[in-house]
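Peer 1: Structure incoming, see below.
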Amino acid sequence: MALTQVSSNKCAGGFQKVFEHESTELKCKMKFAVYLPPKAETGKCPVMYWLSGLTCTEQNFITKAGSQLPAAEHGIIIVAPDTSPRGCNIEGEDESWDFGTGAGFYVDATEEPWKNNYRMYSYVTEELPKLINANFPTDPDRMSISGHSMGGHGALICALKNPGKYKAVSAFAPICNPVQCPWGQKAFSGYLGSDKSTWEVYDATVLAASYSGPQLDILIDQGRDDQFLSASQLLPDNLIAVCSEKKIPVIFRLQPGFDHSYFFIYSFMSDHIKHHAKFLNA
């Protein structure tokens with residue numbers, strides 16, 4: 001599949017690039033960002049996938065998260081896709097910030113008019129890794145996943161639904177139990193329909209309860225002053241309870257004074273990349 005380079009900037013000894021391609025899953029042009037550390041010039045590197053939150057594009061993470069220095073230090077390629085299909089001209093896709101454009105929720109939609117394009121789960125877990133492995137100096141056996149908010153939900157479900165595929169997973173302020181929160185209920189009813197049993201395959205708390213596979217070490221950071229935590233959109237306690245019952249190792253850090261923004265992500269990004277490096281470079 002042909003890639004078109006949109007931009008390339010030298011950064012932290014490597015290169016921060018953005019590419020565009022025609023997606024077969026999403027049936028539209030998609031952009032993704034890729035950071036190539038200095039090590040990528042001489043050898044194969046592991047890949048960390050980053051999934052962004054509501055309203056984001058591939059740009060937010062690469063300009064605000066401060067990921068490039070630690071990625072360079074640990075020799076990790078970071079791939080950051082967009083958060084939804086773009087320009088599909090579906091009626092209603094631009095009506096609200098938390099559904100449609102910029103809000104793909106990392107599911108494969110089954111409902112009209114979304115089901116032909118809104119296939120972010122398959123895009124992130126299948127199409128994009130194949131594309132990355134075919135075009136960049138990656139070690140296909142060493143990949144991990146992380147994300148923020150809606151993207152933290154995405155990272156957790158990708159890891160829990162595919163035992164052994166990702167060597168590590170982490171999240172910032174993830175939507176942990178979408179079937180129980182307003183954001184998740186709105187998105188899932190739109191993309192997946194009214195039968196709530198079909199929602200559960202995209203809910204980290206439900207998936208953790210039935211997880212069986214190689215040990216998955218999860219790192220979650222959550223700002224204590226996050227307005228979406230107090231609005232019961234994120235529900236981390238539900239996930240933590242299930243993980244402790246199932247003996248899934250979770251480091252959960254409630255960070256005093258921090259909100260839901262990229263200022264919070266920036267503050268702990270290097271910890272997360274270190275967590276991924278421990279498993280990717282083992």
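Peer 1: Given axes a ≥ b ≥ c from the Cα gyration tensor, I'd like to know whether the range 208-282 is rounded (a/c under 1.5), prolate (a/b larger than b/c) or oblate.
Peer 2: Oblate, since a/c reaches 1.5 and b/c is not below a/b.
Peer 1: Among [x] 19.9, 67; [y] 17.4, 51; [z] 20.2, 76, only one was calculated for this model; which label is it, if the read-out is Rg and Dmax of the Cα atoms in Å?
Peer 2: Recomputing Rg and Dmax of the Cα atoms in Å here picks out [y].
Peer 1: Turning to a different aspect of this structure: Add +1 for every Lys or Arg and -1 for every Asp or Glu among the other residues with Cβ under 13 Å from the Cβ of residue 139, and state the total.
Peer 2: That sum, taken over residues with Cβ under 13 Å, equals +3.
Peer 1: Here's a follow-up. By the gyration tensor of its Cα atoms, with a ≥ b ≥ c the square roots of the eigenvalues, what is the shape of the range 188-236: rounded for a/c under 1.5, prolate for a/b over b/c, or oblate?
Peer 2: Oblate shape, in that a/c is at least 1.5 and b/c is the bigger or equal ratio.
Peer 1: Using a Förster distance of 45 Å, how high is the FRET efficiency between residue 230 and residue 134, based on the Cβ-Cβ distance and rounded to 0.05? Can you show the working numbers first?
Peer 2: Numbers: r = 44 Å, r/R0 = 0.98.
Efficiency for this residue pair is about 0.55.
Peer 1: Restricting attention to the range 164-248, which trypsin sites (Lys or Arg not before Pro) occupy a DSSP loop and are surrounded by at most 16 other Cβ atoms within 10 Å?
Peer 2: Sites meeting the loop and neighbour criteria: 165, 224, 247.
Peer 1: Continuing with this model, one more query. Among 71, 231, 33, whose mean-square fluctuation peaks in a Gaussian network model of the chain (Cα, cutoff 10 Å)?
Peer 2: Among 71, 231, 33, the largest GNM mean-square fluctuation belongs to 231.
Peer 1: For a quick protection proxy, order the peptides 72-81, 208-217, 136-145 by their average other-Cβ count within 10 Å, most packed first. All intermediate terms of the calculation are to be shown ahead of the outcome.
Peer 2: On the way: 72-81: 23.3, 208-217: 14.1, 136-145: 18.6.
Per-residue mean Cβ counts within 10 Å order the peptides as 72-81, 136-145, 208-217.
Peer 1: Then there's this: Using modelled amide H (1.01 Å from N, peptide plane; none on Pro or chain starts), what sits under 5 Å from the amide H of residue 223, excluding residues fewer than 5 places away?
Peer 2: Amide H neighbours of residue 223, under 5 Å, 5+ apart: 173, 255.
Peer 1: Turning to a different aspect of this structure: Can you tell me which of 187-194, 109-116 comes out highest on packing, and rank the rest after it, using the mean Cβ neighbours within 10 Å?
Peer 2: So the order, starting with the most tightly packed, is 187-194, 109-116.
Peer 1: Could you give the distance between the Cα centres of the range 206-282 and the range 144-186, to the whole Å?
Peer 2: 9
Peer 1: Also, I was wondering about something else. Within the P(r) computed for the range 140-236, what percentage of the Cα pairs occupies the region above 23 Å? It would help to have the intermediate numbers written out before the result.
Peer 2: Numbers: 1104 of 4656 pairs.
Of the Cα pairs, 24 percent sit more than 23 Å apart.
Peer 1: With charges only on Cβ, +1 for K and R and -1 for D and E, what is the dipole size of the range 189-282 about its Cα centre, in debye, rounded to 20?
Peer 2: Details: 7 positive and 11 negative charges, 63 e Å.
That gives a dipole near 300 debye.
Peer 1: Putting +1 on Lys and Arg Cβ atoms and -1 on Asp and Glu Cβ atoms, find which of 194, 156, 103 reaches farthest to the positive end of the dipole of the chain.
Peer 2: 156
Peer 1: With +1 on each Lys and Arg Cβ and -1 on each Asp and Glu Cβ, how big is the dipole of the range 13-107 about its Cα centre, in debye rounded to the nearest 20?
Peer 2: Around 480 debye, computed over the range 13-107.
Every number in this text was worked out from the coordinates using simple rules, so none of it is lab data. Keep in mind it's a predicted model, so treat the numbers as computed, not measured. Counting neighbours? That spans all protein chains shown, and the Cβs are built from the backbone with ideal geometry, glycine included.
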